[in-house]
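Quick notes on the structure that follows.
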Amino acid sequence: MPALRERSDILTLALHLLQKHASPCCAFTEAAKRKLLAYNWPGNIRELSGILMQAIFLAGDQPIDAEHLMLEDADELTGEAASEDYPLTLKEAEIKAIKMALTASEWNLSKAAAKLQIGRTTLYRKIEEYRII
């Protein structure tokens, strides 16, 4: 598969994948479109698909906004996650989703738990387990 940075149809592809994932929101805000276009995609369609699945989860039934797109520069990643050959582990993805939900809810644990579709006690346990501060 070719790298996404070599493609000129990122938005069309992203919309196709969004519909394929049967998302109820099926739309991007203008800020999200700009973020998708500005990102220097190091990976391929699988990377885009994974990022969109995470954005669908974070957006709920709202249109996907820039804050829902978890795009990072390679120099922000550490260890194995910095390589195209090593996607985030489930634990890393869970920590990232929890941190995003906490930030988006301004650390309101009830709202963050609802956004993550988990119980508040489960969120407390995961915050403690992963030492998220």
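Points worth noting:
- For GLY60, distant residues with modelled amide H under 5 Å away: none
- Once backbone amide H atoms are built at 1.01 Å from N, CYS26 has no partners under 5 Å, excluding neighbours fewer than 5 places away on the same chain.
- Residues of the stretch 92-133: accessible area per residue with a 1.4 Å probe, Å²: 67 Å²
The values are calculated or read from the model by the stated rules, or taken from the named source; none is laboratory data. Since the model is a prediction, treat every value here as computed from it, not as a measurement. Accessible surface is based on the protein model in full, side chains and every heavy atom, while ligands, DNA and RNA are left aside. Shrake-Rupley method; radii C 1.70, N 1.55, O 1.52, S 1.80 Å.
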